[in-house]
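The values are calculated or read from the model by the stated rules, or taken from the named source; none is laboratory data. Since this is a predicted model, take the numbers as computed values, not measurements. Because the Cβ atoms are built from the backbone with ideal geometry, glycine has one as well, and the counts that use them run over all protein chains shown. All accessible areas refer to the heavy atoms of the entire protein, side chains included, with ligands and DNA or RNA removed. Shrake-Rupley method; radii C 1.70, N 1.55, O 1.52, S 1.80 Å.
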Amino acid sequence: MLATQETKVVPFSLPQRLPFTIKVARSERQLLGAVQIRHAAYARHVPAIAERLRIPEPPDRDTGAAVLLAEAKLDGAPLGTMRIETNRERPLAIEQSVALPAWLRRRSLAEATRLGVCASRVGRIVKIMLFKAFYQYCRQAGIDWMVIGARSPLDRQYEALLFRDVFPGRGFVPLAHAADLPHRILGFDLETAEARWRQAAHPLYTLFCHTEHPDIDLRIQEAAQPCEAAA
């Protein structure tokens with residue numbers, strides 16, 4: 001079994017710099033930058049949801065959530081965002097719409113929501129690095145499983161990352177926090193992640209597991225306080 005295979009330790013490569021940073025939003029300015037890119041991305045792809053995303057949502061300020069923001073080094077422009085919510089303090093947003101299986105509810109979980117990136121060519125690498133930041137955040141926080149709801153065709157991107165169906169054969173289900181649009185519920189086991197990526201010779205294995213990116217700054221403890229609304 002994958003979990004019992006001997007793990008080959010591969011040292012990190014030299015630090016790789018990015019043309020942008022990824023940080024947890026700690027100020028109102030940063031949170032509003034995340035909201036700006038979130039609204040623009042949803043307006044392009046999911047206009048049914050975009051209108052409600054012009055301002056921060058209550059979960060953005062929860063102590064159990066982290067809003068990631070990618071900003072260009074050149075001018076500080078927001079390039080991408082993702083919100084990470086855990087089940088440490090309350091059920092996941094996805095559980096408003098579907099009861100997760102008992103074996104999963106007993107684990108520590110993190111859900112990625114409100115993913116959005118800029119429309120320029122750099123948006124693709126921003127999306128990849130936001131996922132790496134999600135993965136790193138979960139590893140640092142001791143999360144057991146990542147859970148996401150993905151609409152078509154984005155579900156295929158997560159499937160390519162070796163996420164698997166939480167409800168095999170069930171198909172897509174409407175999610176209340178996503179305007180009741182149909183989403184596929186997928187999960188990812190953190191414990192076996194590196195072994196599975198390595199065995200599959202996944203093209204992102206080295207980037208995610210053995211490349212240091214100093215421009216991804218998560219610092220969970222320092223980011224524990226919610227953003228305060230501007231006076």
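Arrange the residues Ile55, Ile148, Ile128 by how much accessible surface each exposes, largest first, with a 1.4 angstrom probe.
Accessible-area ranking of Ile55, Ile148, Ile128, largest first: Ile55, Ile128, Ile148.
Counting heavy atoms of the protein chains only and a 1.4 Å probe, report the per residue accessible area for the chain as a whole number of Å².
Value for the chain: 51 Å² per residue.
Kirkwood Rh, Cα Rg: Rg to Rh for the chain?
Value, to two decimals: 0.94.
Under 17 Å between alpha carbons: how many lysine pairs meet that in the chain, if sequence neighbours fewer than 8 apart on the same chain are excluded?
Lysine pairs, 8 or more places apart or on different chains, close enough: 4.
Name the most mobile residue of Ser27, Ser97, Ser120, meaning the one with the largest mean-square fluctuation, in a Gaussian network model of the chain with Cα contacts below 10 Å.
Ser120
In nm, to one decimal, how far is the modelled label at Arg124 from the one at Arg196, with both set 7 Å along Cα→Cβ?
2.5 nm
Report the Rg/Rh value for the range 154-201, based on alpha-carbon coordinates and the Kirkwood definition of Rh.
1.06
May I ask for the Rg/Rh ratio of the range 88-131, computed from Cα atoms with Rh as the Kirkwood radius, given to two decimals?
1.14
Report in % the part of the accessible area of the chain that belongs to carbon and sulfur, leaving out ligands and nucleic acids; probe 1.4 Å.
Answer for the chain is 54 percent, counting heavy atoms of protein chains only.
Per residue, what volume in Å³ does the Cα convex hull of the range 52-148 take up?
Roughly 120 Å³ of hull volume per residue.
For labels at Leu14 and Ala160 in the simple 7 Å Cα→Cβ model, what's the distance in nm?
2.9 nm
On a full-extension model of 0.36 nm per residue, what is the gain between Arg52 and Ser97, subtracting their alpha-carbon distance, rounded to one decimal in nm?
Net length gain for the segment: 14.3 nm.
Using protein chains only and a probe of 1.4 angstrom, how many square angstrom of Tyr137 are accessible, to the nearest 10?
Counting only protein heavy atoms, Tyr137 exposes about 20 Å² to solvent.
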